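J.: Below are the C-alpha coordinates for one structure; questions will follow.
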Amino acid sequence: MSHLAIFSLLFIFLFNFSLATNTIYNVQNYGAKSNGQTDSSNAFLSAWKAACASTSPATIYVPRGNYLIRSAEFNGETCKSKAIIIRIDGTLLAPSDYNVIGNEGSWIKFEKANGVSIFGGTFDGQGASLWSCKTSGKNCPKGTTALAFYNSNNVVISGVTAQNSQMFHILVDGCHNVKLQGVKVSSPGNSPNTDGIHIQSSSGVSIMNSRIGTGDDCISIGPGNSNLWIEGIACGPGHGISIGSLGWESQEQGVQNVTVKTVTFTGTENGVRVKTWARPSSSFVRAVLFQHIVMSNVQNPIIIDQNYCPNHESCPNQGSGVKISDVTYQDIHGTSSTEVAVKLNCSKTNPCTGITLDDVNLSYKDGKADASCVNAGGRASGFEELSHCL
(Lines give C-alpha, C1' and ligand atoms only; values in the text may rest on other atoms or scores of the structure.)
Protein backbone atom coordinates (compact mmCIF):
# COMPACT_ATOMS: atom_id res chain seq x y z
CA MET A 1 0.00 0.00 0.00
CA SER A 2 1.36 3.43 -0.94
CA HIS A 3 2.22 6.10 1.62
CA LEU A 4 -0.53 8.30 0.12
CA ALA A 5 -3.16 5.61 0.60
CA ILE A 6 -2.04 5.01 4.18
CA PHE A 7 -2.17 8.73 4.88
CA SER A 8 -5.67 8.99 3.37
CA LEU A 9 -6.99 6.08 5.46
CA LEU A 10 -5.41 7.57 8.59
CA PHE A 11 -7.02 10.94 7.89
CA ILE A 12 -10.46 9.36 7.39
CA PHE A 13 -10.07 7.35 10.59
CA LEU A 14 -9.05 10.38 12.64
CA PHE A 15 -11.83 12.51 11.14
CA ASN A 16 -14.50 9.91 11.93
CA PHE A 17 -13.00 9.38 15.37
CA SER A 18 -13.21 13.11 16.11
CA LEU A 19 -16.89 13.12 15.08
CA ALA A 20 -17.58 10.12 17.24
CA THR A 21 -15.96 11.70 20.28
CA ASN A 22 -17.63 15.08 19.82
CA THR A 23 -20.92 14.84 21.69
CA ILE A 24 -23.76 17.05 20.42
CA TYR A 25 -26.08 18.75 22.90
CA ASN A 26 -29.23 19.99 21.17
CA VAL A 27 -30.84 22.80 23.19
CA GLN A 28 -34.30 21.54 22.21
CA ASN A 29 -33.58 18.32 24.07
CA TYR A 30 -33.22 20.47 27.20
CA GLY A 31 -36.54 22.24 26.71
CA ALA A 32 -35.72 25.14 24.40
CA LYS A 33 -38.69 26.34 22.32
CA SER A 34 -38.22 27.89 18.90
CA ASN A 35 -41.44 29.95 18.97
CA GLY A 36 -39.74 33.20 20.04
CA GLN A 37 -42.10 33.56 23.01
CA THR A 38 -41.11 30.94 25.58
CA ASP A 39 -38.11 31.81 27.74
CA SER A 40 -35.42 29.28 26.82
CA SER A 41 -32.69 30.63 29.11
CA ASN A 42 -32.66 27.60 31.41
CA ALA A 43 -32.57 25.18 28.49
CA PHE A 44 -29.49 26.88 27.03
CA LEU A 45 -27.82 26.90 30.44
CA SER A 46 -28.61 23.21 30.94
CA ALA A 47 -27.06 22.36 27.56
CA TRP A 48 -24.00 24.38 28.54
CA LYS A 49 -23.73 22.57 31.88
CA ALA A 50 -23.81 19.19 30.14
CA ALA A 51 -21.26 20.21 27.50
CA CYS A 52 -19.08 21.79 30.15
CA ALA A 53 -19.00 18.53 32.12
CA SER A 54 -17.87 16.53 29.11
CA THR A 55 -14.30 15.26 29.18
CA SER A 56 -14.12 15.38 25.38
CA PRO A 57 -14.90 18.07 22.80
CA ALA A 58 -18.58 19.02 22.82
CA THR A 59 -20.98 20.81 20.50
CA ILE A 60 -24.05 22.74 21.60
CA TYR A 61 -26.50 22.88 18.72
CA VAL A 62 -29.24 25.49 18.25
CA PRO A 63 -31.61 24.47 15.43
CA ARG A 64 -33.49 26.92 13.23
CA GLY A 65 -36.14 29.06 14.84
CA ASN A 66 -36.42 31.98 17.25
CA TYR A 67 -35.37 31.47 20.85
CA LEU A 68 -36.28 33.98 23.54
CA ILE A 69 -33.46 34.32 26.07
CA ARG A 70 -34.12 36.53 29.06
CA SER A 71 -30.40 36.55 29.90
CA ALA A 72 -27.72 33.90 30.26
CA GLU A 73 -24.24 33.66 31.75
CA PHE A 74 -22.09 30.76 30.58
CA ASN A 75 -19.33 30.29 33.12
CA GLY A 76 -16.50 28.03 32.07
CA GLU A 77 -14.33 28.15 35.17
CA THR A 78 -15.08 24.55 36.16
CA CYS A 79 -15.47 23.10 32.66
CA LYS A 80 -13.79 19.77 31.99
CA SER A 81 -14.14 20.14 28.24
CA LYS A 82 -11.39 22.28 26.73
CA ALA A 83 -13.19 22.78 23.43
CA ILE A 84 -16.88 23.68 23.27
CA ILE A 85 -18.42 24.51 19.91
CA ILE A 86 -21.72 26.39 19.79
CA ARG A 87 -23.29 25.97 16.37
CA ILE A 88 -26.32 28.19 15.83
CA ASP A 89 -28.74 27.91 12.93
CA GLY A 90 -31.41 30.00 14.65
CA THR A 91 -31.96 33.45 16.14
CA LEU A 92 -31.59 34.37 19.79
CA LEU A 93 -34.01 37.12 20.87
CA ALA A 94 -33.61 39.44 23.84
CA PRO A 95 -36.79 40.55 25.65
CA SER A 96 -38.51 43.35 23.73
CA ASP A 97 -39.22 45.15 27.02
CA TYR A 98 -35.95 46.97 27.74
CA ASN A 99 -36.69 47.12 31.47
CA VAL A 100 -36.25 43.35 31.78
CA ILE A 101 -32.48 43.40 31.15
CA GLY A 102 -31.67 47.09 30.64
CA ASN A 103 -29.52 47.31 33.77
CA GLU A 104 -27.86 43.89 33.64
CA GLY A 105 -24.67 44.79 31.79
CA SER A 106 -24.64 41.81 29.43
CA TRP A 107 -27.44 39.83 27.81
CA ILE A 108 -25.42 36.79 26.64
CA LYS A 109 -22.26 36.55 28.74
CA PHE A 110 -19.32 34.16 28.67
CA GLU A 111 -17.01 34.25 31.70
CA LYS A 112 -13.71 32.32 31.89
CA ALA A 113 -14.87 30.26 28.93
CA ASN A 114 -11.64 29.03 27.35
CA GLY A 115 -11.68 27.24 24.01
CA VAL A 116 -15.21 28.30 23.05
CA SER A 117 -16.13 28.68 19.37
CA ILE A 118 -19.42 30.16 18.14
CA PHE A 119 -20.37 29.46 14.53
CA GLY A 120 -23.33 31.16 12.89
CA GLY A 121 -26.56 32.43 14.30
CA THR A 122 -28.15 35.80 14.97
CA PHE A 123 -28.15 37.64 18.28
CA ASP A 124 -31.01 40.14 18.18
CA GLY A 125 -31.00 42.62 21.08
CA GLN A 126 -34.36 44.15 20.10
CA GLY A 127 -33.11 47.51 21.34
CA ALA A 128 -35.32 49.89 19.34
CA SER A 129 -37.63 50.74 22.24
CA LEU A 130 -34.68 51.66 24.48
CA TRP A 131 -33.16 53.85 21.76
CA SER A 132 -36.48 55.69 21.50
CA CYS A 133 -36.53 56.15 25.26
CA LYS A 134 -33.02 57.60 25.24
CA THR A 135 -33.64 60.00 22.37
CA SER A 136 -36.82 61.24 24.05
CA GLY A 137 -34.84 62.39 27.07
CA LYS A 138 -36.73 60.16 29.50
CA ASN A 139 -35.15 58.36 32.45
CA CYS A 140 -34.07 55.08 30.85
CA PRO A 141 -31.84 52.12 31.75
CA LYS A 142 -28.27 52.31 30.47
CA GLY A 143 -28.77 49.29 28.27
CA THR A 144 -27.07 45.93 27.93
CA THR A 145 -24.36 44.47 25.69
CA ALA A 146 -25.64 41.72 23.41
CA LEU A 147 -22.72 39.26 23.38
CA ALA A 148 -19.85 39.58 25.87
CA PHE A 149 -16.71 37.57 26.57
CA TYR A 150 -14.87 38.21 29.82
CA ASN A 151 -11.55 36.70 30.90
CA SER A 152 -11.68 34.03 28.21
CA ASN A 153 -8.87 32.66 26.04
CA ASN A 154 -8.71 30.93 22.64
CA VAL A 155 -12.12 32.06 21.48
CA VAL A 156 -13.53 31.97 17.93
CA ILE A 157 -16.60 33.93 16.79
CA SER A 158 -17.33 33.12 13.16
CA GLY A 159 -20.24 33.91 10.86
CA VAL A 160 -22.22 35.49 13.68
CA THR A 161 -24.76 38.29 13.17
CA ALA A 162 -25.36 40.73 16.03
CA GLN A 163 -28.13 43.24 15.50
CA ASN A 164 -30.20 45.90 17.24
CA SER A 165 -28.36 45.70 20.55
CA GLN A 166 -29.42 48.01 23.36
CA MET A 167 -25.77 49.09 23.68
CA PHE A 168 -22.55 47.42 22.50
CA HIS A 169 -23.13 44.50 20.16
CA ILE A 170 -19.99 42.46 20.92
CA LEU A 171 -17.61 42.98 23.84
CA VAL A 172 -14.19 41.37 24.39
CA ASP A 173 -12.81 42.20 27.84
CA GLY A 174 -9.80 40.68 29.57
CA CYS A 175 -9.35 38.04 26.87
CA HIS A 176 -6.40 36.57 24.97
CA ASN A 177 -6.25 35.00 21.52
CA VAL A 178 -9.71 35.84 20.19
CA LYS A 179 -10.60 35.52 16.50
CA LEU A 180 -13.67 37.23 15.05
CA GLN A 181 -14.25 36.47 11.39
CA GLY A 182 -17.10 36.94 8.97
CA VAL A 183 -19.08 38.85 11.58
CA LYS A 184 -22.00 41.09 10.66
CA VAL A 185 -23.14 43.87 12.99
CA SER A 186 -26.24 45.86 12.13
CA SER A 187 -28.20 48.64 13.82
CA PRO A 188 -29.48 51.99 12.53
CA GLY A 189 -27.13 54.94 12.20
CA ASN A 190 -29.14 56.90 14.79
CA SER A 191 -29.13 54.19 17.48
CA PRO A 192 -27.21 55.59 20.50
CA ASN A 193 -24.14 53.93 22.02
CA THR A 194 -24.42 50.83 19.87
CA ASP A 195 -20.70 50.17 19.24
CA GLY A 196 -20.19 47.23 16.92
CA ILE A 197 -17.22 45.52 18.57
CA HIS A 198 -15.54 46.89 21.71
CA ILE A 199 -12.22 45.53 22.92
CA GLN A 200 -10.52 46.31 26.21
CA SER A 201 -7.81 44.81 28.44
CA SER A 202 -7.14 42.13 25.82
CA SER A 203 -4.31 40.87 23.62
CA GLY A 204 -4.03 38.83 20.46
CA VAL A 205 -7.46 39.82 19.13
CA SER A 206 -8.14 39.71 15.38
CA ILE A 207 -11.21 40.95 13.53
CA MET A 208 -11.32 39.81 9.91
CA ASN A 209 -13.61 40.14 6.91
CA SER A 210 -16.56 41.68 8.73
CA ARG A 211 -19.30 44.16 7.89
CA ILE A 212 -20.33 46.62 10.60
CA GLY A 213 -23.00 49.32 10.57
CA THR A 214 -24.06 50.98 13.83
CA GLY A 215 -24.99 54.23 15.55
CA ASP A 216 -21.59 54.51 17.22
CA ASP A 217 -18.05 53.20 16.61
CA CYS A 218 -17.84 50.24 14.25
CA ILE A 219 -14.88 49.07 16.33
CA SER A 220 -13.75 50.74 19.55
CA ILE A 221 -10.48 49.99 21.31
CA GLY A 222 -10.35 50.79 25.01
CA PRO A 223 -7.49 50.80 27.53
CA GLY A 224 -5.13 47.89 28.08
CA ASN A 225 -5.07 46.39 24.58
CA SER A 226 -2.07 45.05 22.68
CA ASN A 227 -1.37 43.05 19.53
CA LEU A 228 -4.64 43.71 17.70
CA TRP A 229 -5.13 42.89 14.01
CA ILE A 230 -8.13 44.36 12.17
CA GLU A 231 -8.43 43.62 8.44
CA GLY A 232 -11.03 43.44 5.71
CA ILE A 233 -13.70 45.59 7.37
CA ALA A 234 -16.62 47.45 5.77
CA CYS A 235 -17.73 50.18 8.19
CA GLY A 236 -20.82 52.31 7.79
CA PRO A 237 -22.99 53.79 9.05
CA GLY A 238 -21.21 54.59 12.29
CA HIS A 239 -18.46 56.62 13.92
CA GLY A 240 -15.53 54.75 12.38
CA ILE A 241 -12.76 52.76 14.05
CA SER A 242 -11.62 54.42 17.26
CA ILE A 243 -8.79 53.99 19.70
CA GLY A 244 -10.34 55.50 22.79
CA SER A 245 -11.61 57.20 24.60
CA LEU A 246 -8.47 56.83 26.68
CA GLY A 247 -7.15 58.70 29.66
CA TRP A 248 -10.18 59.06 31.90
CA GLU A 249 -8.26 57.48 34.78
CA SER A 250 -5.04 59.07 36.02
CA GLN A 251 -3.45 55.60 36.18
CA GLU A 252 -4.56 53.72 33.09
CA GLN A 253 -3.12 51.08 30.78
CA GLY A 254 -2.32 52.07 27.22
CA VAL A 255 -2.79 50.65 23.72
CA GLN A 256 0.05 49.30 21.59
CA ASN A 257 0.81 47.19 18.52
CA VAL A 258 -2.39 47.73 16.55
CA THR A 259 -2.81 47.12 12.82
CA VAL A 260 -5.89 48.31 10.93
CA LYS A 261 -5.76 47.53 7.22
CA THR A 262 -7.91 47.05 4.15
CA VAL A 263 -10.93 48.92 5.48
CA THR A 264 -13.67 50.80 3.65
CA PHE A 265 -15.53 53.59 5.44
CA THR A 266 -18.80 54.69 3.84
CA GLY A 267 -20.69 57.75 5.05
CA THR A 268 -19.27 57.51 8.55
CA GLU A 269 -18.70 60.32 11.05
CA ASN A 270 -15.03 59.38 11.37
CA GLY A 271 -12.61 57.11 9.60
CA VAL A 272 -9.63 56.21 11.78
CA ARG A 273 -9.68 58.06 15.09
CA VAL A 274 -7.60 58.32 18.25
CA LYS A 275 -9.50 60.00 21.09
CA THR A 276 -8.29 60.90 24.57
CA TRP A 277 -9.70 62.83 27.47
CA ALA A 278 -8.20 66.26 28.13
CA ARG A 279 -7.01 65.38 31.62
CA PRO A 280 -3.85 63.98 33.25
CA SER A 281 -3.23 60.27 32.69
CA SER A 282 -0.42 57.72 32.45
CA SER A 283 -2.02 56.06 29.42
CA PHE A 284 -0.43 55.87 25.97
CA VAL A 285 -0.94 54.93 22.31
CA ARG A 286 2.05 53.62 20.36
CA ALA A 287 3.02 51.41 17.41
CA VAL A 288 -0.20 51.78 15.39
CA LEU A 289 -0.54 51.22 11.64
CA PHE A 290 -3.53 52.34 9.54
CA GLN A 291 -2.97 50.97 6.03
CA HIS A 292 -4.79 50.43 2.70
CA ILE A 293 -7.94 52.34 3.61
CA VAL A 294 -10.68 53.78 1.40
CA MET A 295 -12.82 56.70 2.58
CA SER A 296 -16.15 57.40 0.91
CA ASN A 297 -17.84 60.63 1.99
CA VAL A 298 -16.41 60.52 5.53
CA GLN A 299 -16.69 63.57 7.80
CA ASN A 300 -13.32 63.14 9.55
CA PRO A 301 -11.26 60.59 7.62
CA ILE A 302 -8.16 60.92 9.84
CA ILE A 303 -8.46 62.42 13.29
CA ILE A 304 -6.53 62.60 16.54
CA ASP A 305 -8.54 64.36 19.22
CA GLN A 306 -6.73 64.83 22.52
CA ASN A 307 -9.10 67.51 23.74
CA TYR A 308 -12.13 65.30 24.28
CA CYS A 309 -14.21 66.93 27.02
CA PRO A 310 -17.97 66.57 26.47
CA ASN A 311 -19.97 69.46 27.86
CA HIS A 312 -16.68 70.86 29.26
CA GLU A 313 -17.17 68.84 32.44
CA SER A 314 -14.46 67.07 34.48
CA CYS A 315 -11.67 68.35 32.26
CA PRO A 316 -11.91 72.09 31.55
CA ASN A 317 -8.67 73.83 30.55
CA GLN A 318 -6.56 70.70 31.05
CA GLY A 319 -4.20 68.87 28.73
CA SER A 320 -4.29 65.16 27.97
CA GLY A 321 -1.58 63.12 29.62
CA VAL A 322 -1.94 60.31 27.08
CA LYS A 323 1.27 60.01 25.05
CA ILE A 324 0.69 59.23 21.36
CA SER A 325 3.72 58.06 19.39
CA ASP A 326 4.69 56.05 16.32
CA VAL A 327 1.37 56.15 14.49
CA THR A 328 1.51 55.53 10.73
CA TYR A 329 -1.14 56.32 8.11
CA GLN A 330 -0.25 54.63 4.81
CA ASP A 331 -2.11 54.34 1.50
CA ILE A 332 -5.30 56.12 2.52
CA HIS A 333 -7.46 57.42 -0.32
CA GLY A 334 -10.97 58.63 -0.99
CA THR A 335 -13.35 61.48 -0.28
CA SER A 336 -14.06 63.66 2.71
CA SER A 337 -17.45 65.26 3.33
CA THR A 338 -15.72 68.18 5.07
CA GLU A 339 -12.97 70.48 3.86
CA VAL A 340 -10.47 69.48 6.56
CA ALA A 341 -9.90 65.76 6.08
CA VAL A 342 -6.92 65.33 8.40
CA LYS A 343 -7.14 66.74 11.92
CA LEU A 344 -4.26 66.09 14.30
CA ASN A 345 -5.21 67.87 17.49
CA CYS A 346 -2.63 66.62 19.97
CA SER A 347 -2.05 67.34 23.64
CA LYS A 348 -0.60 70.69 24.62
CA THR A 349 1.10 69.07 27.61
CA ASN A 350 2.24 65.84 25.89
CA PRO A 351 2.52 66.41 22.12
CA CYS A 352 2.28 63.59 19.57
CA THR A 353 5.57 62.29 18.18
CA GLY A 354 6.45 59.97 15.32
CA ILE A 355 3.31 60.63 13.28
CA THR A 356 3.82 59.43 9.69
CA LEU A 357 1.53 60.05 6.72
CA ASP A 358 2.60 58.19 3.60
CA ASP A 359 0.61 58.14 0.35
CA VAL A 360 -2.44 59.86 1.82
CA ASN A 361 -4.67 61.34 -0.86
CA LEU A 362 -8.08 62.68 0.20
CA SER A 363 -10.35 64.95 -1.79
CA TYR A 364 -13.19 67.30 -0.92
CA LYS A 365 -15.76 68.09 -3.61
CA ASP A 366 -13.72 68.79 -6.74
CA GLY A 367 -10.41 69.56 -5.08
CA LYS A 368 -7.90 68.30 -2.60
CA ALA A 369 -8.96 68.31 1.03
CA ASP A 370 -7.18 70.40 3.63
CA ALA A 371 -5.40 69.36 6.82
CA SER A 372 -4.65 70.83 10.22
CA CYS A 373 -2.39 69.82 13.05
CA VAL A 374 -1.58 71.14 16.50
CA ASN A 375 1.21 69.88 18.76
CA ALA A 376 2.06 67.04 16.36
CA GLY A 377 5.50 65.96 15.20
CA GLY A 378 6.48 63.58 12.44
CA ARG A 379 6.63 63.55 8.66
CA ALA A 380 4.23 63.58 5.72
CA SER A 381 4.68 62.49 2.13
CA GLY A 382 2.01 62.69 -0.50
CA PHE A 383 -0.09 65.19 1.43
CA GLU A 384 1.43 68.63 0.98
CA GLU A 385 -1.12 70.33 3.23
CA LEU A 386 0.59 68.78 6.26
CA SER A 387 4.15 69.68 5.32
CA HIS A 388 3.97 72.92 7.31
CA CYS A 389 3.43 71.17 10.64
CA LEU A 390 4.92 67.68 10.37
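J.: In a Debye calculation with equal point scatterers on the alpha-carbon sites of the chain and no solvent, what is log10 I(q)/I(0) at q = 0.08, 0.10, 0.11, 0.12 Å⁻¹?
T.: So the normalised log intensities are -0.46, -0.69, -0.81, -0.93.
J.: Considering lysine pairs in region 217-389 that are 8 or more places apart or on different chains, how many have Cα atoms under 21 Å apart?
T.: 9
J.: Of all accessible surface on region 217-389 at a 1.4 Å probe, what whole percent is carbon and sulfur? Let's see the in-between values first.
T.: Working: 2990 of 6720 Å².
Carbon and sulfur together cover 44 percent of it.
J.: Shifting gears a bit: Viscosity 1.306 mPa s, temperature 10 °C: Stokes-Einstein D of region 217-389 from its Kirkwood Cα radius, in µm² per second?
T.: Numbers: Rh = 15.7 Å.
Roughly 101 µm²/s, to the nearest whole number.
J.: Please calculate the 1.4 Å probe accessible area of MET167, with all protein chains present, and give it to the nearest 10 Å².
T.: Counting only protein heavy atoms, the figure is 20 Å².
J.: How do 362-371, 261-270 rank on mean C-beta neighbours within 10 Å, highest first?
T.: 261-270, 362-371
J.: If you don't mind, another one. Please calculate how many Å² of accessible area the chain carries per residue, with a 1.4 Å probe and no DNA, RNA or ligand atoms counted.
T.: Result: 42 Å² of accessible area for each residue.
J.: Could you name the aspartates and glutamates whose alpha carbon sits less than 16 Å from that of LYS109, not counting residues in the same chain fewer than 8 places away?
T.: In chain and number order, the partners are GLU73, GLU77, ASP124, ASP173.
J.: From the helices alone, meaning DSSP H stretches of at least four residues, give me the mean residue ellipticity at 222 nm for the chain, per-run term -39500 (n - 2.57), in deg cm²/dmol to the nearest 500.
T.: About -3500 deg cm²/dmol.
J.: Around ILE293, what is the net charge, scoring Lys/Arg as +1 and Asp/Glu as -1 over all other residues with Cβ under 13 Å from its Cβ?
T.: Computed value for this residue: -2.
The values are calculated or read from the model by the stated rules, or taken from the named source; none is laboratory data. Given the structure is predicted, the values throughout are model-derived calculations rather than measurements. A quick note on method: Cβ atoms are made from the backbone with ideal geometry, for glycine too, and the neighbour counts reach across all protein chains shown. Surface accessibility is based on the protein's heavy atoms, side chains included, excluding ligands, DNA and RNA. Shrake-Rupley method; radii C 1.70, N 1.55, O 1.52, S 1.80 Å.
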